[in-house]
C-alpha cells in the first residue's frame, strides 16, 4: 500500500483524544498543544535526528540553523535524497508558499521564510514561492480581485526576508495559470490521478464542500513538479525531473503526501519535505493565532510600543502567581510564550540557555523575560519594516516574472 | 427550491425503466430509443411548440430551419428571453462546443454546428465555440498534448461548416486558460458555488471519480458567462451581463442546469438553451454511434463509395423481409435509419413527404430509399471535404485568436 493509502486510514481513525492537524484546522487534544511525536507517527514521516543534522553540517560546512538545531524544524520526508544530490552536485530546488491573508503578516508567517532563506543561502539553489490567492478566494468570504491583490502585497513581505532576486520566482496562482501553460496542464494531470475518495481521506472534505475546494489540492501539488517551471530549468538536461525540497509547517504535509503519491505516476520526482512545528499564539500553544484577532499575534506592521504592550499584556506566562512563589518554584519554560518566542528568534544559544536557567530557577521574573523578548523583536521588526518600505512594485513584478534562474549545479 | 434542487431529485430517482441521459452516457430503456417527452419532464425544460415557432418566424422574417420545424431541435429553456432581446435589438450571443474526439467527426457531430450556423446567420450575433480538450484528457486514455492537437484539428471541420470569421471565436480550454485571465477566474468562481453533493446529483459522479472530473462542469459552464470574453464584448456598456443561447444535444443539458443555478449568484444572466434529439447510429436509435466503431457512423472523411457501402450494408431498415411483404405492408419510417437521416439532411419538405408516403405504402423499396440517402449525403460530404481541405492553419489560428467580434446590437 502506498503512502496515500496508509494516510487515508491514519486520518480516518483520528478520534477525540487525537490532535486535528490539516491545512485549515489545527486543534490539540491537550492544553499543552499538539503532540508532535504522535503526529510524525500518524503522518508517517521521520523525525530529524542528530545523525541527520551532523550530515547536514558536515556536507554544507556550515553551522546548522537554530530553527533546526532547536527542533522547530523537526520532521522530514526523504531529506537524505536532497543531501545526496547536494553531495553529488546535482540540481534540486526549493518550494514553499503561503495563502495570502490579511494585508499584514504576523511573526509566525515569517518562520518558514526565514528558514527557507537560510536553505537558499546554504544550498545556493533556485526557490519558487507559491501565493495561493485562489485558495484564499475559495475558503474565505472575499472577492477574487481582492485575493489577487493580497498576494501581491504579501510578496513584498516575503521579498523583505532577503531572498536572492536571481534565484527566486514568486507567483500567484491566478496570474501564473495565465503565464505558463505547463502549470495548468500539470494541475489537470494531477487532478486525473486523485479521486474524491482520496482527498476525502487526506483532507477530510465532505459532500457539502464546493468542488473548487475538492480540486484545489492539485494546485498546491503542481509546483512540486519541476515541469511546471520550464523557464527556470530550461538550461538543464532533464528539466522535467528536478527534485524539490519543501520547507513548510507540518499542517501542510497532507498536500505533499498526496503529491508524493501522484508524482511517480506522472514520471516526476517525489518531493522531499522538512516540517516545522507551529508558532504559538501569544495566549499559548493551546490557543490559535489568527490574523483576524489582533491581540493573538505580533504583526509585522506593529510599532515598538504595540509589540511591548502586546507581550506584556497577552503573552501567556509560565511564571508563578506571586514574586515570592516564583522565586521559590521558578517559571515553566515549556509553556511560557515569551520563552518559546525567544527559541524562534534569539539566535545566540548561550544567551538562550542562560535565560532558561535563570527563569526556571526563579532568578529571572516574567517581566524581565518579557523585556528580553520585546527588545529582541522590536529591532527585528523595525528592520523588516524598513526593508519592506523600500521594495517597489517594479521589484515585486521582477520577482514575479517567469525567467531563467541562476543555478549552481546542472 | 431552485432548478438545481429539483433536478438532483429527478436524476436520483431514475430507475431501470427510465432512459439514462448524461454527457457521458446515453442509453434507452426501450429499443425505440430515448423517450424525449419523458426527458423534458424529468429535466424540467419546455417543448418547442407551434406558437414559439410562429413567433420565431414572424420576428426573423425567415422560414424556420428544417431541424427546428421537424422537431429535431425540440426542447428549450427560456428561448422567449432570446427572442425578446432580438425583438428589442438588444445584444446576446451564441455558445456551443464539442469534446474533441478522433481526428474525424461523424455526421451526428455536424448537427449542432449546422443549426448554430443558421442561428448565427439569422440573428447576426457573435458565437463562441468551446473545444473541451481538458475533458477529453480527463475522461479518456490520451496524452494532454494529443487532446490539445485534436481540438485544433476538429476546429477545421467546424470552420468548414461556414461560420463567419468576424463573428466567431473558437477556443480550446487548455489554450484559453492561458489567453484570458477572466475565463479561469470565472471557472474558480463557479467552483465556489457548486458542492460535490450537487454535481453528484446532476452528473451521477461517485466517490471513485477523479477530482478533475468532479470539478470539470465549471469549465463547461464558464463560457455561458459573457464576462469570460471581455475582448468580444468590450464595446458594450454592460459587457458582463450579455445573455447567451446555447444550441446543444439534450445530453448536455445537465451542465447548463447547473450553470443556470449558479449564474444569478455571480450577478450574471441565466443562459437560454435549445436542445436537439440524438442523431441515430446506422444500426438504429437503440444502438450507440461511436467514433471508435467505424461502421456505426458515416464519417466526414468517408469516400462516396464508403458512404454507399455503409448505408447499404449497415443502415437499419424499417422495411419488410421480402419484397412481396414490403409491397403489401409498407416500411416503418419511425425506425428506418435511412429515412431518419433524410429528416436531418434533406431540406426539401415536399420531397421528404413524398418519400415518406411511398416508403410507408410499400411503393418504395428499402434499396431505393437508401439510394436517395447516399445520393444526398455524398455531395454534402464531398463539399465539406473540399471546404475543409482549403482551411489553413493560419485561418484556424485567426478563429482562435481572442479579438473584438462584429456585433449588430449594443
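A short reminder: the numbers here are calculations on the coordinates, not readings from a lab. Small disclaimer: the values here were computed from a predicted structure and weren't measured. Cβ placement follows ideal geometry from the backbone for every residue including glycine, while neighbour counts extend to all protein chains displayed.
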Item to check | Angle in degrees between helix B:144-159 and the longest Cα principal axis of chain B, rounded to the nearest 10 | outcome: 60
Checklist outcome for this item: Length-normalised contact order of chain A, Cα under 8 Å, at least 6 apart, in percent, tallies to 21
Checklist entry - Where does each of A:80, A:326 land when they are ranked from fewest to most other beta-carbon atoms within 10 angstrom? => result A:80, A:326
Checklist outcome for this item: Expected integer from the mean partner chain Cβ neighbour count at 10 Å over A:210-221 is 6
Next on the checklist: P(r) for segment A:89-200, please, calculated from all Cα pair distances in 5 Å bins and given in %.
Outcome noted: 2, 11, 19, 20, 19, 16, 10, 3, 0, 0
Checklist entry - Can you pull the mean other chain C-beta count within 10 Å for peptide B:124-137? => result 1
Item to check | the protein assembly as shown - mean residue ellipticity at 222 nm from DSSP helices (-39,500 (n - 2.57) per run, n ≥ 4, rounded to 500) | outcome: -14500 deg cm²/dmol
Item to check | Segments A:312-319, B:89-96 sorted - mean Cβ within 10 Å per residue, highest first | outcome: B:89-96, A:312-319
Item to check | Ascending list, in nanometres, of distances separating the residue B:149 label from those of the other copies (7 Å, Cα toward Cβ) | outcome: 4.5
Checklist entry - Over segment A:184-285, with a single point scatterer placed on each C-alpha, what log10 of the ratio I(q)/I(0) does the Debye formula yield at q = 0.11, 0.12, 0.15, 0.17 1/Å? => result -0.39, -0.45, -0.67, -0.81
Checklist outcome for this item: Computed over chain B: longest principal axis from alpha-carbon atoms vs helix B:253-262 long axis, angle to nearest 10 degrees, is 20
Checklist entry - Of the listed peptides B:271-281, A:364-374, what is their order by residue-averaged count of other C-beta atoms within 10 Å, with the highest listed first? => result B:271-281, A:364-374
Item to check | Other protein chain Cβ atoms within 10 Å, averaged over every residue that makes up A:194-201 | outcome: 5
Next on the checklist: If I model a spin label at residue A:386 and residue A:149 as a point 7 Å from the Cα along the Cα→Cβ vector, what separation in nanometres do I get?
Outcome noted: 3.0
Checklist outcome for this item: For residue A:404, placing the label point 7 angstrom along Cα-to-beta-carbon and taking segment A:57-97, residues whose amide nitrogen sits under 19 Å are A:91-93
Checklist entry - For the residue pair residue A:353 and residue B:88, what label-to-label distance in nm results when each label sits 7 Å from Cα along the Cα-to-beta-carbon direction? => result 8.1
Checklist entry - Between residue B:38 and residue A:238, what is the label-to-label distance in nm when each label sits 7 Å out along the Cα-to-Cβ direction? => result 5.7
Checklist entry - Taking chain B on its own, what percent of its Cα-Cα pair distances exceed 36 Å? => result 24
Checklist entry - Can you sort A:355, A:114 so the residue with the fewest Cβ neighbours within 10 Å comes first? => result A:114, A:355
Checklist entry - If you project the alpha carbons of the protein assembly as shown onto their three principal axes, what span does each projection cover, largest first, in Å? => result 116, 55, 50
Checklist entry - Using Cα atoms only, what is the angle between the long axis of helix A:50-60 and the major principal axis of chain A, expressed in degrees (0 to 90) to the nearest 10? => result 70
Next on the checklist: Could you compute how fast segment B:44-95 diffuses translationally, taking Rh as the Kirkwood radius over C-alpha pairs and applying Stokes-Einstein at 37 °C with viscosity 0.692 mPa s? Give it in µm² per second.
Outcome noted: 281
